[in-house]
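*Asks:* Please read through the structure below; I'll follow up with questions.
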Amino acid sequence: MEPSNAAHSTTVQQSTSFSPSVLVTSSSSKLGQRNFRRISRIEDSRPYPIPGLAADILHMRVKEGSKIRNLLRFASARMQGEEGDSSGTSVRQVVFTGSGRGVTKTITCVEILKRKVAGLHQVSKLYYKTVNEVWEGPQQGTPGMTMERTIPAICILLSKDPLDPQEPGYQSPQILSVSAEDTEGCTGLFRSAHSPTPQDTTKRLRLDG
């Protein structure tokens, strides 16, 4: 939605390079947060940076305010076939995307889902996307402001089917194994519960004698 005074809007661009525009954008961003109100935010709809994705793939968009519990409940149910189609089949692939402050939350969702659903192949891609924000002035008649920002984004594919191991960003399925310390601890507990120790044998012989 464009503001009524769009003709008088000021365009501010943010660049990743070191230039005077970065300082102008920084001050304008702070000014927008203090005195302006954001009325629209549009992200570019460029294709996923991962090749060969199916058109009907399960897409989980992770935002800054998204609830991890709700995202994982839905994704794990679809991957395990609990909320599949009428035949009860589960989806084979899911892609998580997030940008800006949602990148960390996206990675958290992926790592937890990999522990819920074993044997998932993974491909991760980092890229940048353009976001256009329109800010409204604090008072009527005040010129608005349009900001164009470049923010980091991440796209992570999880698949039950094997993926190309030569694809940059590929990770093979995790193999959950018990560490040597845990194994020794379990063995010691089992031994103490089911077999006598040498000290117990000596005491028994003395009592028998």
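*Asks:* Taking Glu111 and the conditions (1) over 23 Å from Leu53 (Cα atoms); (2) at pLDDT 85 or above, which numbered condition does it fall short on, given that it satisfies the others?
*Replies:* Answer for Glu111: the failing condition is (1).
*Asks:* Between a residue in the range 152-170 that is without any contact (Cβ under 8 Å) to a residue 60 or more places away in the chain and farther than 16 Å from Thr106 by Cα and any residue that is surrounded by fewer than 20 Cβ atoms within 10 Å (Cβ to Cβ) and acidic (Asp, Glu), which pairs come within a Cβ distance under 8 Å, given they are 6 or more apart or on different chains?
*Replies:* Close Cβ pairs satisfying both conditions: Tyr170/Asp164.
*Asks:* Pick out the one residue from Thr97, Thr130, Thr146, Thr150 that is within 21 Å of the chain's Cα centre (by Cα) and either over 25 Å from Arg41 (Cα atoms) or surrounded by 17 or more Cβ atoms within 10 Å (Cβ to Cβ) (or both). Explain how you work it out, then say what you get.
*Replies:* Details: Thr130 fails: either over 25 Å from Arg41 (Cα atoms) or surrounded by 17 or more Cβ atoms within 10 Å (Cβ to Cβ) (or both); Thr146 fails: within 21 Å of the chain's Cα centre (by Cα); Thr150 fails: either over 25 Å from Arg41 (Cα atoms) or surrounded by 17 or more Cβ atoms within 10 Å (Cβ to Cβ) (or both).
Just a single option satisfies the conditions, and that option is Thr97.
*Asks:* Looking at the range 34-50, which of the residues that are part of a loop (DSSP other than H, G, I, E, B) and of a type in the set (Ser, Thr, Tyr) is farthest from the chain's Cα centre (by Cα)? Lay out the reasoning, then the answer.
*Replies:* Kept after step one, since they are part of a loop (DSSP other than H, G, I, E, B), are these residues of the range 34-50: 36, 44-50.
Right, trim to of a type in the set (Ser, Thr, Tyr) and you get 45, 48.
Numbers: Ser45: 18, Tyr48: 15 Å.
By that ranking, first place goes to Ser45.
*Asks:* Could you give every pair whose Cβ atoms fall below 8 Å, whose first residue belongs to the range 51-62 and is in the same structural domain as Leu157 (by TED's automatic domain parsing) and outside any strand (DSSP E or B), and whose second residue is at pLDDT below 85 and loosely packed, with under 10 Cβ neighbours inside 10 Å, counting only separations of at least 6 or pairs across chains?
*Replies:* none
*Asks:* Please give the number of the condition Val123 fails out of (1) closer than 16 Å to Asp161 by Cβ; (2) modelled with pLDDT of 95 or more; (3) part of a helix (DSSP H, G or I).
*Replies:* Among (1) closer than 16 Å to Asp161 by Cβ; (2) modelled with pLDDT of 95 or more; (3) part of a helix (DSSP H, G or I), the lone unmet condition for Val123 is (3).
*Asks:* Further, regarding this structure: Applying the selection to the range 60-74, what residues are over 12 Å from Gly98 (Cα atoms) and surrounded by fewer than 16 Cβ atoms within 10 Å (Cβ to Cβ)? Walk me through it before giving the result.
*Replies:* Taking the range 60-74 as the starting set, the residues that turn out to be over 12 Å from Gly98 (Cα atoms) are 67-74.
Of everything in the range 60-74, those that are over 12 Å from Gly98 (Cα atoms) and surrounded by fewer than 16 Cβ atoms within 10 Å (Cβ to Cβ) turn out to be Lys67, Ile68, Arg69, Asn70, Arg73, Phe74.
*Asks:* Scan the range 104-152 residue by residue and report those that are closer than 28 Å to Asn35 by Cα and of a type in the set (Val, Ile, Thr).
*Replies:* If the condition is that a residue be closer than 28 Å to Asn35 by Cα and of a type in the set (Val, Ile, Thr), then Thr130, Val131, Val134, Thr142, Thr146, Thr150, Ile151 are the ones that fit.
*Asks:* Answer yes or no: is there a residue in the range 76-83 that is assigned by TED's automatic domain parsing to the domain that holds Leu158, at pLDDT 85 or above and among the aliphatic types (A, V, I, L, M).
*Replies:* Checked against the condition, which is being assigned by TED's automatic domain parsing to the domain that holds Leu158, at pLDDT 85 or above and among the aliphatic types (A, V, I, L, M), the range 76-83 yields at least one hit.
The values are calculated or read from the model by the stated rules, or taken from the named source; none is laboratory data. Quantities reported herein were computed from a predicted structural model and do not represent experimental measurements. Ideal geometry is used to build each Cβ from the backbone, glycine not excepted, and the neighbour counts take in all protein chains shown.
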